[in-house]
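Trainee: Can you keep this structure in mind? I'll have questions shortly.
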Amino acid sequence: MKKDASLKLAVVGCGHWGPNHIRNFRALSNVSVTWAVDRDPQRRAYVSSLYDHLTTTANIDEMLADKSVTGVVVATPTGTHFEVCMKVIEAGKHVLCEKPLATTSLECEKLIAAANERGVVLMVGHVFLFNGGILKLKELMSFNDLGRLYYASAVRTNLGPIRDDVNASVDLASHDISIFNFLFGAAPISASACGHSYLKQGLEDVVFITLTYPNEMIAGIEVSWLNPQKVRQITLVGDKKMVTWDDLSSSGAITIYDKGVIREPYYDSYGEFHLLAREGDVTIPKLQVEEPLKRQARFFIDAIPKKSASVCSGERGWDVVRTLEAINESIQKGGAPVAIENYEAVHKTLRQ
């Protein structure tokens, strides 16, 4: 089925990610990006030099007045997401917003309610859900290749960039929270975290997080802007197999270890067991290579006629933001666990 050739999009925010969004959407058949919005005249001039037939403006209302625009990509700083997304939704246009959806779960709720009321798609750009390695992890879990999952861990570090508006957990851990929620098919039920502000008072640049998920499964996340090495790694440990994802690996992003722990009985004591390491093969599967941002762009276009963004919906964005709130609350409480509500259980009325 061919997409509507008249599908026209706009991008708000032409900083680091904005031009990438324009490039990927323009690469899709029967889709065009006709507007780019940014307050900085230099950024507007930059995207104008890259793409023809692109109207640029500093005034978002000018773009929203164009009835031919079907959807809008919001790639502005986190603190502006709520205001910009609400304007887009109230104009009756579908919206793809960069992560996180908003700065508070209450703002997320208001956006979800407004999108539901106007019948438009509200999608959150959790781009790592479209990463080939993460999709392979989901496949392994869907087929129960790992067995019962014991725990998961993630490390996401680099030396900068240092943000001015959010701390390292909001900037970096939001990726891994969305990945874990996607892999496990559930949001965490509690969070505990410790962090410290070494560079800017009140903005933690190093954070260590523990999330508890249903079925007694825990996940640890380390994020830092002050690490000499750029690291993007996830480890999943199951009772059958173990697997690692290294997004920066040159040999292969996914490595599957046919390893585990076995129980062997003592022969001199009935009912007691040795716990022994079981060694097995190591496999590096070949992954389908495609830019995640392009996969995400195609997903958004397909979500519009379906009127559903499923795993990237506003509700799933709320889950991530609520978890980030719990993490920051735990930091303020010296690492004490903070309970996390489930969206469906608390906000049933918003989905009706």
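The values are calculated or read from the model by the stated rules, or taken from the named source; none is laboratory data. The model shown is predicted, which means the values in this text are computed figures rather than measured ones. So basically every Cβ, Gly included, is an ideal-geometry build from the backbone, and we count neighbours across all protein chains shown.
Trainee: Look at segment 33-48 and say how many of its residues are of a type in the set (S, T, N, Q), surrounded by 12 or more Cβ atoms within 10 Å (Cβ to Cβ) and more than 23 Å from K294 (Cβ to Cβ).
Mentor: Of segment 33-48, the ones of a type in the set (S, T, N, Q) are 34, 42, 48.
Now restrict to residues that are surrounded by 12 or more Cβ atoms within 10 Å (Cβ to Cβ): 34, 48.
The next check asks that each one be more than 23 Å from K294 (Cβ to Cβ); those that pass are none.
Residues flagged as of a type in the set (S, T, N, Q), surrounded by 12 or more Cβ atoms within 10 Å (Cβ to Cβ) and more than 23 Å from K294 (Cβ to Cβ) within segment 33-48 amount to 0.
Trainee: Here is a further query. Which one is surrounded by the fewest Cβ atoms within 10 Å (Cβ to Cβ), of the residues in segment 12-32 that are under 12 Å from A297 (Cα atoms) and touching a residue at least 40 places away in the same chain (Cβ under 8 Å)?
Mentor: A27
Trainee: Further question on the same structure: Of the conditions (1) within 21 Å of A297 (Cβ to Cβ); (2) aromatic (F, W, Y); (3) out of contact with any helix residue (DSSP H, G or I) (no Cβ under 8 Å at 6 or more places or on another chain), Y150 clears all except one; give me its number.
Mentor: All conditions pass for Y150, except number (1).
Trainee: Now for a separate question. Please pick out the residue among A173, A191 that is touching a Lys or Arg at 6+ places or on another chain (Cβ under 9 Å), at pLDDT 95 or above, surrounded by 17 or more Cβ atoms within 10 Å (Cβ to Cβ) and under 19 Å from L101 (Cβ atoms).
Mentor: Details: A191 fails: touching a Lys or Arg at 6+ places or on another chain (Cβ under 9 Å).
One residue alone meets the criteria, A173.
Residues are listed down the side, and each one gets a yes or a no for (1) closer than 23 Å to G238 by Cα; (2) out of contact with any Cys (no Cβ under 6 Å at 6 or more places or on another chain); (3) outside any strand (DSSP E or B):
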residue	(1), (2), (3)
A152	yes, yes, no
T157	no, yes, no
D164	no, yes, yes
A173	yes, yes, yes
N181	yes, yes, yes
A186	yes, yes, yes
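Trainee: If you take the residues in segment 266-309 that are among the hydroxyl-bearing types (S, T, Y) and assigned by TED's automatic domain parsing to the domain that holds I254, which one is modelled with the highest pLDDT? Spell out the reasoning first.
Mentor: Keep residues of segment 266-309 that are among the hydroxyl-bearing types (S, T, Y), which gives 266-267, 269-270, 283, 308.
Right, trim to assigned by TED's automatic domain parsing to the domain that holds I254 and you get 266-267, 269-270, 283.
On the way: Y266: 59, Y267: 56, S269: 57, Y270: 54, T283: 95.
Out of the qualifying residues, it is T283.
Trainee: Being crowded, with 17+ Cβ neighbours inside 10 Å and closer than 14 Å to L183 by Cβ is the filter here, so list the residues in segment 209-241 that pass it.
Mentor: Of everything in segment 209-241, those that are crowded, with 17+ Cβ neighbours inside 10 Å and closer than 14 Å to L183 by Cβ turn out to be L211, Y213, M217, A219, I221, I234, T235, L236, V237, G238.
Trainee: Within segment 21-76, can you find the residues that are closer than 19 Å to K93 by Cα, in a loop (DSSP other than H, G, I, E, B) and touching a strand residue (DSSP E or B) at 6+ places or on another chain (Cβ under 9 Å)?
Mentor: Our first condition is that a residue be closer than 19 Å to K93 by Cα; within segment 21-76, this holds for 21-22, 25-26, 30-38, 54-76.
Okay, now just the ones that are also in a loop (DSSP other than H, G, I, E, B), so 30, 38, 54, 58-59, 65-68, 75-76.
Result: N30, D38, L54, A58, N59, D66, S68, A75, T76.
Trainee: Within segment 218-233, identify whether any single residue is over 22 Å from G160 (Cα atoms) and assigned to a loop (DSSP other than H, G, I, E, B), and answer yes or no. Step through it out loud before you land on a result.
Mentor: Step one: of segment 218-233, the residues over 22 Å from G160 (Cα atoms) are 218-219.
Imposing the further condition that a residue be assigned to a loop (DSSP other than H, G, I, E, B) reduces the set to none.
No, the conditions are met nowhere in segment 218-233.
Trainee: With (1) in a helix (DSSP H, G or I); (2) in contact with a Gly (Cβ under 8 Å, 6 or more places away or on another chain); (3) surrounded by fewer than 19 Cβ atoms within 10 Å (Cβ to Cβ) as the list, and E83 as the residue in question, which single condition is left unmet?
Mentor: For E83, the exception is condition (2).
Trainee: Go through the residues of segment 49-66 one by one and say whether even a single one is among the charged types (D, E, K, R), loosely packed, with under 15 Cβ neighbours inside 10 Å and more than 23 Å from L7 (Cα to Cα).
Mentor: Within segment 49-66, none of the residues are among the charged types (D, E, K, R), loosely packed, with under 15 Cβ neighbours inside 10 Å and more than 23 Å from L7 (Cα to Cα).
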